[in-house]
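Participant: Structure below; questions to follow.
The values are calculated or read from the model by the stated rules, or taken from the named source; none is laboratory data. As the structure is a prediction and not an experimental result, all values here were calculated from the model. In this analysis, Cβ positions are derived from the backbone assuming ideal geometry, glycine residues included, and neighbour counts consider all displayed protein chains. Each accessible area value is taken on the protein alone, full model and side chains, heavy atoms only, with ligands, DNA and RNA left out. Shrake-Rupley method; radii C 1.70, N 1.55, O 1.52, S 1.80 Å.
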Amino acid sequence: MTSYVLTVRCDTQRGIVAAISGFLAENGCNITDAAQFDDQETACFFTRITFVAETGADPETLRAGFAPVAERFGMEWGINDTAKRMKVLLMVSNFGHCLNDLLYRWRIGALPVEIVGVVSNHLTYQKVVVNHDLPFYHINVTKQNKPEAEARLLEVVENSGAELIVLARYMQVLSDALCTKMSGRIINIHHSFLPSFKGANPYKQAFQRGVKLIGATAHYVTADLDEGPIIEQDIVRITHAQSASDYVSLGRDVEAQVLARAVHAHAQHRVFQNGNKTVVFPASPGAYASDRMG
């Protein structure tokens, strides 16, 4: 039986859950997992429901049938086949810890995406990418050629069918126009020392101040640099006995883990933007199981 995930965002009102469950039951579908959140502050309702089509209903039929229900409640919604992997384009500069982590998770089947290529403004990781049998796109970026470089990037996105861009420590600032065009489809990772420690070598600055916690933040990219809706965060504790290089190593580890969890959540349609915040539902049962692992 085919499994699907239904996502819904709409204004809070009576009868939403009843209408959804009634539609699924009438169309031979059985709910296997459901999560919902009613935000009293924004008066928005969010739900994510996984279900199996026990009578063989196809996605086109389900979408056509659900459209009147969605229209009645003013829903932003989607029905996606859980077996279909989201196409993801990675971008990196000269720090490869997040790139290598994502490639490893993808290779063993722990990251439910289809990586369609890697874009970089350097050649540092070309061999690593090619060895994974993935396309490598070198797009050099300067102040003079930035519009042309971003046009080339959008060409890669269109030709590859990428549904999500992941900035795996890509150190170039994207233009407002690109952020707007790809709104909700670009995820970035950075350390959580902002705004206290800006500029070059924030870990050294943190070491010199005796910081006791190192963290990382994964968020959607907006025109406001590093201020988009947060998807995932984590921290690691530091002691007085650890060195500046320890800060860097631990920081890289937590960055890689946080970014991977954020990509995993987005790829499984578990993240909903809620103004300047996000609603992130927990993974469904079996979400981390892999059909590619022996």
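Participant: Taking the Cα of Asp224, stepping 7 Å toward and past its beta carbon, and measuring to each backbone N in segment 24-51: which are under 20 Å?
Facilitator: Once the point is set 7 Å along Cα→Cβ of Asp224, 41-44 turn out to lie under 20 Å by backbone N, inside segment 24-51.
Participant: Rg (Å, one decimal) plus Dmax (Å, integer) for the alpha carbons of segment 49-154?
Facilitator: 19.5, 58
Participant: Regarding segment 186-257, what are the three Cα extents along the principal axes, ordered largest first, in Å?
Facilitator: Extents along the principal axes, in whole Å: 38, 23, 14.
Participant: Can you give the Rg to Rh ratio of segment 1-88, both from alpha-carbon atoms, with Rh computed by the Kirkwood formula?
Facilitator: Values: Rg = 12.9 Å, Rh = 13.4 Å.
Result for segment 1-88 is an Rg/Rh of 0.96.
Participant: Compute the signed sum of charges (Lys and Arg +1, Asp and Glu -1) over the other residues within less than 11 Å, Cβ to Cβ, of Ala149.
Facilitator: Taking every Cβ under 11 Å from that of Ala149, the sum is 0.
Participant: Of all the accessible heavy-atom surface of the chain, with the other protein chains kept in place and a 1.4 Å probe, what percent is carbon and sulfur? Before the final figure, lay out the partial values.
Facilitator: Details: 7380 of 14790 Å².
Carbon and sulfur atoms account for 50 percent of the accessible area of the chain.
Participant: Give me Rg over Rh for the chain, both radii from the alpha carbons and Rh done the Kirkwood way, two decimal places.
Facilitator: 1.00
Participant: Which whole-number percent of Cα pairs in segment 120-229 have a distance greater than 18 Å?
Facilitator: Percent of Cα pairs beyond 18 Å in segment 120-229: 58.
Participant: Using 0.36 nm per residue of separation minus the Cα-Cα distance, give me the extension gain between Lys277 and Asp253 in nm, one decimal.
Facilitator: 6.2 nm
Participant: For Ala151, put the label point 7 Å out on the Cα→Cβ axis and report which residues of segment 158-196 keep their amide N under 19 Å from it.
Facilitator: Correct set: 158-160, 174-182.
Participant: Calculate the spin-label point distance for Lys181 paired with Ala241, positioning each point 7 Å from the Cα along the beta-carbon direction, and give it in nanometres.
Facilitator: 5.3 nm
Participant: On average, how much accessible surface per residue is there in the chain, in Å², for a 1.4 Å probe, leaving out ligands, DNA and RNA?
Facilitator: 50 Å²
Participant: Return the distance in nm (one decimal) between the two label points of a simple spin-label model at Thr142 and Ala25, each offset 7 Å from Cα along Cα→Cβ.
Facilitator: Placing both labels 7 Å beyond Cα along the Cβ direction yields 6.7 nm.
Participant: Okay, moving on. Using r as the Cβ-Cβ distance of Gln233 and Tyr104, and R0 as 25 Å, what FRET efficiency do you calculate, to the nearest 0.05?
Facilitator: 0.70
Participant: Can you check what the net charge comes to around Pro59, using other residues whose Cβ is under 12 Å from the Cβ of Pro59 (Lys, Arg +1; Asp, Glu -1)?
Facilitator: Residues close to Pro59 contribute a combined charge of -1.
Participant: Here's another thing I want to ask about it. Let's test the formula: R0 of 51 Å, r as the Cβ-Cβ distance of Lys198 and Asp11. What FRET efficiency results, to the nearest 0.05?
Facilitator: After rounding to 0.05, the efficiency reads 0.85.
Participant: Right, another one. Find out how many positive minus negative residues lie around Ala162, taking Lys and Arg as positive, Asp and Glu as negative, among other residues whose Cβ is under 15 Å from that of Ala162.
Facilitator: +1
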